[in-house]
Amino acid sequence: MTSFKAIITDPVGLHARPASVLSKEASKFASDIKLKCGDKEANLKSIMNVMALAVKTGSEITVEAEGADEKEAITAIEQSMKDNSII
Amino acid sequence: MANKMMGIGASAGVAVAKVYILDEQPIVIPQDTAKDVTAELANVSQAITKAKADLENLQKIAQEKLGAEKAAIFEAHASILEDPALTEEFETLIKTQSYNGAKAIGEVAEKYIAMFSAMEDDYFRERAADVKDVTDRLIRYILNLPVADLASIAEEVIIVAEDLTPSQTAQLNPAYVKGFACNVGGRTSHAAIMARSLEIPAVLGLKTILSAVSATDVLAMDGATGEIEINPQKTDVWTKKAETFKKEKAELEQFKTKKTVTKDGFDGFVLEGNIGSPKDVAAVLENGGEGIGLFRSEFLYMDNDHFPTEEEQFEAYKQVVTDMQGKVTIIRTLDIGGDKKLSYFKFPEEMNPFLGYRAIRFTLDRKDIFKDQIRALLRASAFGPVGIMFPMIATVDEFKTAKQFTLDCKAELEKAGVAVGKDLQIGMMVEIPAAAVLADQFAKYADFFSVGTNDLIQYSMAADRMSEHVTYLYQPYNPAILKLLKLTIDGAHKHGKWAGMCGEMAGEPEAVPLLMGLGLDAYSMSATSITKARSIMAKLTRKETAELANKALECDTTDEVLALVHKLMQTK
C-alpha cells in the first residue's frame, strides 16, 4: 500500500469540480484508491462518494492506493491535486 | 384570472415577449419488475451513453456562454454519470431485486439527494439539485420521455416553467430567451444565480404562473421588482420601463471605475462591500468597492465540525487582506448565538437568545476560543490594513476589556517576533441602543464605529425581526433610528474617529441621502449595490442632504421621512 497526507486548501473544500477531477484521475488506475478524512473514507473513483464526505478547507486527508500500479497512482493523484490548487 | 402577478425579483431587467411553456411531462416511475435483466441493463447503459453525449454538448455551450468555471459543473455532472459506485448500486438492484432500470436509478438517486439535502454546508446541500438533474435525465431516456431542448429556441421568448435545472439554465441563449418566470425558487436558488450571470431577467417563486398562461400569451416582466403582467394592455408603460432600465444600467456601469465624489466635490465618503467568505472579494473589487466594511467571520465556524484553529483562520483572513491589495478590510469577530448555532457546541437554552449569551458576550467568556481568532487577525494584519471590530458591545467596560485583550495578544506576538500590521484599527459595532446613546464616551476608546442596522432596529423597536406579526416595526427610517445614528456619528466625529454602517440600510437608495446628511463616513453594502450608491452621491451636495437630515430628525413618522427623501430625489 502506498499513501500520502495533505491539507485541503481550496477555499470551498473538496467540492464538485475538484472531486470530478480526482475521480477521473483515479479511474485511470487499476489499484483500489481511497480518500480518508477523519474517520470517514471514500472510493476516490466515485465522485458521489467523495462529495458525500463534504471535506472542508483546512481538513487533513489521506489518499491510499493498493494494487499493481499503486505507486504511479499516488504520484499522479498528488500531482493532480497540486496542479488544480486542491492542496 | 387577474393578469398581474408578483413574484420574487431574482435577476434585474425588463422583458416583454411571447411565452414559451416548459411543461415537462412529470416522471412517473413504473413499479413493475424487470422481466429480462440483461435487456434492462442494456437499456440503462444506452441511457447513460445518450445522457453523456448531452452533457458534453451542454458543457460546450456553457463554456462559450458562461466561461470555463461555470461550465465545469457539467464536467461534474458527467462524472456522476460515470461514477462506478453509482453504476454498481443500480446494477445490483436490477440483478438481485429485479428492479426495472428507472426504479433502480430513482431509488439510488433518492438516497443521495436525501443525503446531500441533509448536509449543513450550503454548498454541499445544493448538490442535491445536481444529482436530481443528472438522474432525471437518465430516467427520462429510459422511459422514452422527451428531454427539453432549450438550446434550439430560435425566437424571442420568455420561458415559463415550474423550475429550471442547472442544465436547462445553461442552455438558454440570451439572444432569444429574454427572461424566465418560474413557480418555485428564490434569490439564492441556482436558477437565480445563473440568470444573473447570463444577465437574463428572472422572476421566481410565482407559485401559479404555469397554470395562468397559455402558449399564445405575451408576458411582460420586471426582474427587479418581481412584477409580471400577462398580455399587458398598456405596452408603452413597459417600453418605458425597459428604456429606463437600460439607461440606468449603462449609467451604473461607468460608476464601477469612478471615484466616490458628491456633486459639491467632496470625496471623503467611502463605499465598501460586505463579504461572508474569501471568495466574495472578487465581486467587491469588480463593482468598485473601496474596501471591505464587514467580513463576517462566522463562515469559518459554521461550516465546520470544530472551532477553527488559529492557523485555519489566519489563512482565510490573510487571503482576503492580500486580495484587497492595500484597501482596508474590517473583520468582525465571532458573532454567534441568537439564531446562529454551531453543530459542535451547545449554547445554553435561553428564553430570549437574541438578548442572551452571544457574540462578544460569548467570546469574552471563552477567551480560549477568542484568543485563536484575535491572534489570527493580528497576524493577517501584517499583510495589509485591517480593522478588527467587536459585535454586540453594550458597555464601555466590555469594549475596553476586548480591546485590552487584543493589545495583550499583540504584545505577545511582537515579543515572539511575529509581524503585526502598523495600520491596525480596533473598533466596534453599534447595534445596541445603549452604545449609540453613549457613542461620545465609546469614541474615546474605539478607533471606529460600524452600525449594524438590523439589530439596532430590532433592539430599538423591541421587535423580533423574525416575527412576521411585528414586521411593521422594522422601520429603518423611523426618526428614532435616525436620532440614534446621529448620536453615533456625532460621537465619533467629536473625537476625530470615523463612523460607518455595514447593515442592509447602507446600500438602500432611499437611505443614502439621509446618511450623507447625517455625515456617515463609510457605507458597506452588498457588492452589487455599490455603483447605485455612488451614482446617488454624485447627484447630491452635502448642503442639501444636511438640510434633508435635519428636517427628517424633526419628523413624527417613517412615512414623513420617506416623503422628504422622495421629494428631494424627484428633482435629481
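The values are calculated or read from the model by the stated rules, or taken from the named source; none is laboratory data. Owing to the predicted nature of the structure, the values given are computational and were not obtained by experimental measurement. Neighbour counts run over all protein chains shown; Cβ positions are idealised from the backbone, glycine included. Keep in mind that these areas ignore ligands, DNA and RNA; they rest on the heavy atoms of the full protein, side chains included. Shrake-Rupley method; radii C 1.70, N 1.55, O 1.52, S 1.80 Å.
Before moving on, here are some points about what is shown:
Residue-by-condition table, conditions (1) within 26 Å of the chain's Cα centre (by Cα); (2) outside the structural domain of B:Thr528 (by TED's automatic domain parsing); (3) farther than 29 Å from B:Ala181 by Cα:
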| residue | (1), (2), (3) |
| --- | --- |
| B:Leu41 | no, yes, yes |
| B:Ala53 | no, yes, no |
| B:Ala68 | yes, yes, no |
| B:Ile73 | yes, yes, no |
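- Hits in segment B:235-263 - residues which are assigned to a loop (DSSP other than H, G, I, E, B), open to solvent by less than 80 Å² (accessible area, probe 1.4 Å) and of a type in the set (Ser, Thr, Tyr): B:Thr260, B:Thr262
- Checklist (1) among the aliphatic types (A, V, I, L, M); (2) in contact with a Phe, Trp or Tyr (Cβ under 8 Å, 6 or more places away or on another chain); (3) within 10 Å of another protein chain (Cβ to nearest Cβ) applied to B:Met119, failing item: (2)
- Only listed residue being of a type in the set (Ser, Thr, Tyr), touching a residue at least 12 places away in the same chain (Cβ under 8 Å) and surrounded by 15 or more Cβ atoms within 10 Å (Cβ to Cβ), chosen from B:Thr169, B:Thr208: B:Thr169
- Single residue of B:Leu407, B:Leu413 found to be in contact with a helix residue (DSSP H, G or I) (Cβ under 8 Å, 6 or more places away or on another chain) and modelled with pLDDT of 95 or more: B:Leu413
- Qualifying positions in segment B:301-333 - surrounded by fewer than 19 Cβ atoms within 10 Å (Cβ to Cβ), polar (S, T, N, Q) and part of a loop (DSSP other than H, G, I, E, B): B:Thr309, B:Gln325
- Number of positions in segment A:1-25 that are at the interface with chain B (Cβ under 10 Å from one of its Cβ atoms) and either part of a helix (DSSP H, G or I) or under 10 Å from the mean Cα position of the chain (by Cα) (or both): 10
- For A:Leu53, the test of being away from every other protein chain (no Cβ under 12 Å) and crowded, with 20+ Cβ neighbours inside 10 Å is failed.
- Sole exception among (1) surrounded by fewer than 24 Cβ atoms within 10 Å (Cβ to Cβ); (2) in a strand (DSSP E or B); (3) within 14 Å of chain B (Cβ to nearest Cβ) for A:Leu35, by number: (1)
- Yes/no for B:Ala10 being at pLDDT below 90 and either in contact with a Cys (Cβ under 7 Å, 6 or more places away or on another chain) or among the aliphatic types (A, V, I, L, M) (or both): yes
- Qualifying positions in segment A:63-85 - in contact with a Ser or Thr (Cβ under 7 Å, 6 or more places away or on another chain) and open to solvent by less than 20 Å² (accessible area, probe 1.4 Å): A:Val63, A:Ala65, A:Ala73, A:Ile74
- Answer from B:Gly226, B:Gly289 - the residue that is closer than 30 Å to B:Thr208 by Cα, more than 14 Å from every other protein chain (Cβ to nearest Cβ) and not β-branched (Val, Ile, Thr): B:Gly226
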